[in-house]
Amino acid sequence: MHLIVSFSWTSTDNMLTISCTTTLHRSDPAPLTLCFMPEFDLIRDTRLCPPERNILREIYVSANGQEWTKSGLWLDEYESHCNWYGVECNKKHNTVKLELYSNGLSGTLNPNISNLGLLEVLDLSDNDIKGSIPTEIGLLSNLYFLRLSYNLFVGNETNFGNNLKNLELIQLHGNRLSGSIPSLDLSFVEHSSFIADCGNPSDFDESLLCEECTMCCNAQGYCYPQEDTDIQA
């Protein structure tokens, strides 16, 4: 079945009226640009305008996607977001992995990433993302792998809450985090399971407090098990 989509708007500055008619298969998504036009009557139709495609577009814009090393098919008007570089989906086209490590990301991490509700793997390590780490990441209850290490994140308290019950690995070292990381109420087994910059010497007057960290890194980039916190390298 085909769907005929029409929309139009008027510019009050020069009285120019623009209209467009597009023919779509009912099962195909609408052009990405169309899904960001308030004038599009079917903008809330989740089959035509998949919400996760819109969210990933926001992440792309916030992290200066036009400067990424690899961005194959990102923001393609008709391509499914499941085929965008670094994105992996399940059979229902829900995003389950977002892996954009060492890919030239900068800007900030959009807090709307929390709306990728079935996300299991998030790896944005080895980039240049600035600002604070969104606390909204703590809403991703299916997340089991989180790597945000070696970026430019800052913040006095990085609080994810206690909803990340499936988390098996979290690596936050190589950033500019200070203050504390409140308990995640989890038990980690491997030394590399929970790493942050909680070592000494620190770039700050007091090193980052992270009682659940299994490994701490210091200002020289040396990392060691949490039980050896007296090490000064």
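The values are calculated or read from the model by the stated rules, or taken from the named source; none is laboratory data. Just so we're clear, the structure is a prediction, and the values are computed from it rather than from any experiment. Heads up, the Cβs are rebuilt from the backbone with ideal geometry, glycines too, and the neighbour counts pull from every protein chain shown. The protein model used for the area step is the full one, side chains on, heavy atoms only, and it has no ligands, DNA or RNA in it. Shrake-Rupley method; radii C 1.70, N 1.55, O 1.52, S 1.80 Å.
Checking GLU190, GLU211, GLU227 one by one, the residue that is free of Cβ contacts under 8 Å to residues at least 12 places away in the same chain and loosely packed, with under 14 Cβ neighbours inside 10 Å is GLU227 and no other. Could you check the range 143-152 and list, in sequence order, the residues that are part of a loop (DSSP other than H, G, I, E, B) and surrounded by fewer than 22 Cβ atoms within 10 Å (Cβ to Cβ)? Once the filter is applied, which keeps residues that are part of a loop (DSSP other than H, G, I, E, B) and surrounded by fewer than 22 Cβ atoms within 10 Å (Cβ to Cβ), the range 143-152 yields TYR144, TYR150, LEU152. For first residues located in the range 58-75 and under 11 Å from GLY86 (Cβ atoms), partners that are surrounded by 13 or more Cβ atoms within 10 Å (Cβ to Cβ) and modelled with pLDDT under 95 and lie 6+ apart or on another chain with Cβ distances below 6 Å form the pairs LEU73/GLU79. Please determine whether any residue of the range 104-125 is among the β-branched types (Val, Ile, Thr), touching a strand residue (DSSP E or B) at 6+ places or on another chain (Cβ under 8 Å) and open to solvent by 20 Å² or more (accessible area, probe 1.4 Å). Yes, the range 104-125 contains a residue that is among the β-branched types (Val, Ile, Thr), touching a strand residue (DSSP E or B) at 6+ places or on another chain (Cβ under 8 Å) and open to solvent by 20 Å² or more (accessible area, probe 1.4 Å).
Restricting the first member to the range 76-91 and to residues that are more than 12 Å from PRO29 (Cα to Cα) and free of Cβ contacts under 8 Å to residues at least 60 places away in the same chain, and the second to residues that are among the hydroxyl-bearing types (Ser, Thr, Tyr) and part of a loop (DSSP other than H, G, I, E, B), the beta-carbon pairs closer than 9 Å and six or more apart or on different chains are TRP84/SER71; TYR85/SER71; GLY86/SER71; GLY86/TYR101; CYS89/SER80.
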